[in-house]
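The values are calculated or read from the model by the stated rules, or taken from the named source; none is laboratory data. As the structure is a prediction and not an experimental result, all values here were calculated from the model. Cβ placement follows ideal geometry from the backbone for every residue including glycine, while neighbour counts extend to all protein chains displayed. All accessible areas refer to the heavy atoms of the entire protein, side chains included, with ligands and DNA or RNA removed. Shrake-Rupley method; radii C 1.70, N 1.55, O 1.52, S 1.80 Å.
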Amino acid sequence: MAVERTLGIIKPDAVEKNNIGGILAMTEGDGFVIKAMKMVRLSVPQAEGFYAVHKERPFFGELIEFMTRGPVVVMALEADGAVKKWRDLMGATNPAEAPEGTIRKSFGTNIGENATHGSDSLDNARIEVNYFFPGFEVGI
Ligand code: ATP
Ligand code: MG
């Protein structure tokens, strides 16, 4: 399988609950290499730009309010097949439907406050990594 990079975000709910360390331990424990990482408070325009694909969804306002209410941890994660592997480690969007051993089962609260984000395709992973780490190249 090809080595890929994906964008992971530890969302405000997980940061508020002191779960950064637990999530990073699961991430590294599953074989991901953290190639870049920073803790930031997203502005409303930054969050709206990042989630622009969802702007017509009924929960968009709620999502932007949630994602900007406190700091997040943004990570470029590398592994074989990283895009699918990270979504598998996160589990379903709704933590109640996420399998045991997944991040959202362990740390998610509900369908909106679900602890982490992950890119949903390799193309979007490139766009999203570049959104937060512009100019970020292999080998850093
Ligand atoms: P993410 O993109 O954050 O990795 P996902 O790909 O599993 O999550 P999406 O359908 O892309 O899920 O939704 C983006 C985010 O919007 C979800 O992670 C969640 O925070 C929020 N969300 C999705 N569905 C709902 C809903 N029905 N009510 C409230 N918030 C929702
Ligand atoms: Mg998504």
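Hey, among the residues in the range 102-121 that are within 14 Å of the chain's Cα centre (by Cα) and more than 11 Å from ligand 1 (Cβ to nearest atom), which one's least open to solvent (accessible area, probe 1.4 Å)?
T102
Would you be able to say whether some residue in the range 86-101 is more than 14 Å from ligand 1 (Cβ to nearest atom), at pLDDT 95 or above and part of a helix (DSSP H, G or I)?
The answer is no, given that none of the residues of the range 86-101 is more than 14 Å from ligand 1 (Cβ to nearest atom), at pLDDT 95 or above and part of a helix (DSSP H, G or I).
Got a sec? Which of D80, D13 is out of contact with any Leu (no Cβ under 7 Å at 6 or more places or on another chain) and within 25 Å of G135 (Cβ to Cβ)?
Step by step, each of D80, D13 is checked, and only D80 is out of contact with any Leu (no Cβ under 7 Å at 6 or more places or on another chain) and within 25 Å of G135 (Cβ to Cβ).
For the range 112-132, indicate whether the set of residues that are hydroxyl-bearing (S, T, Y) and more than 15 Å from ligand 2 (Cβ to nearest atom) is non-empty.
Within the range 112-132 (the criterion being hydroxyl-bearing (S, T, Y) and more than 15 Å from ligand 2 (Cβ to nearest atom)), the answer is no, since none of the residues qualifies.
Just need a number here: residues in the range 17-50 that are part of a loop (DSSP other than H, G, I, E, B), open to solvent by 70 Å² or more (accessible area, probe 1.4 Å) and under 14 Å from M67 (Cβ atoms).
1
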